[in-house]
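Working notes for the structure below.
Computed from the coordinates by the stated procedures, all read-outs in this text should not be read as laboratory data. Nothing here was measured: the structure is a model prediction, and the numbers come from that model. Glycine also receives a Cβ, built like all others from the backbone with ideal geometry; neighbour counts cover every protein chain displayed.
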């Protein structure tokens, strides 16, 4: 994708003053922040000079379980990305040292059905977790309903009132909870 964009810029089809949101599909930028990254917005000129991390609220399984802060997503100028494509990968690291844009969005890990969580474990890059103990249906449901990390690690989670989310994410949360067969209010089995 970066090579196609670079070719379009070099051919004069795209201006060079745009910003790339370097995110995964489960990292949802805050719409207000996206607006402020456009030309004339409060973050645009700053990000055109140097990339910034997007400080996102981090959720696990659904939007009932808040885990803390997620800072892998970032905003980078097209110029910066095209000069050194390695920066797109480098800036996703926790220790990149980039300044932060606060309240920049929402990250949701494992917001899937039990079957899809099993499939993700079997197919994602962290194959060290592709073990029967992590893929047992009972273990996954116990993790979803008891605020537990699927892989027995990390910081504890706390309950989050999903009604604080933007309306579209409230709807996503309700659908995920229906698929997981848990209450959208407290995350417990229905």
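Just a few scattered comments:
- Value of [θ]222 nm, deg cm²/dmol, for the chain, DSSP H segments ≥ 4, -39500 (n - 2.57) each, nearest 500: -9500 deg cm²/dmol
- Rough spin-label spacing in nm, given labels placed 7 Å along Cα→Cβ, for residue 90 and residue 113: 4.3 nm
- Among (i) 10.4; (ii) 18.7; (iii) 11.8, the entry derived from the coordinates for mean projected area of the Cα convex hull in nm²: (iii)
- Average Cα contact separation per residue, the range 114-180, under 8 Å, 6 or more apart, as relative contact order %: 20 percent
- Counting only alpha carbon atoms, the long axis of helix 114-123 and the longest principal axis of the chain meet at about 50°.
- Percent antiparallel among DSSP beta bridges (both partners in the chain, rounded to 5): 70 percent
- With contacts taken as Cα pairs under 8 Å at a separation of at least 6 residues, the chain carries a relative contact order of 22 percent.
- Helix axis angle, 167-180 relative to the chain longest principal axis, alpha carbon, degrees: 40 degrees
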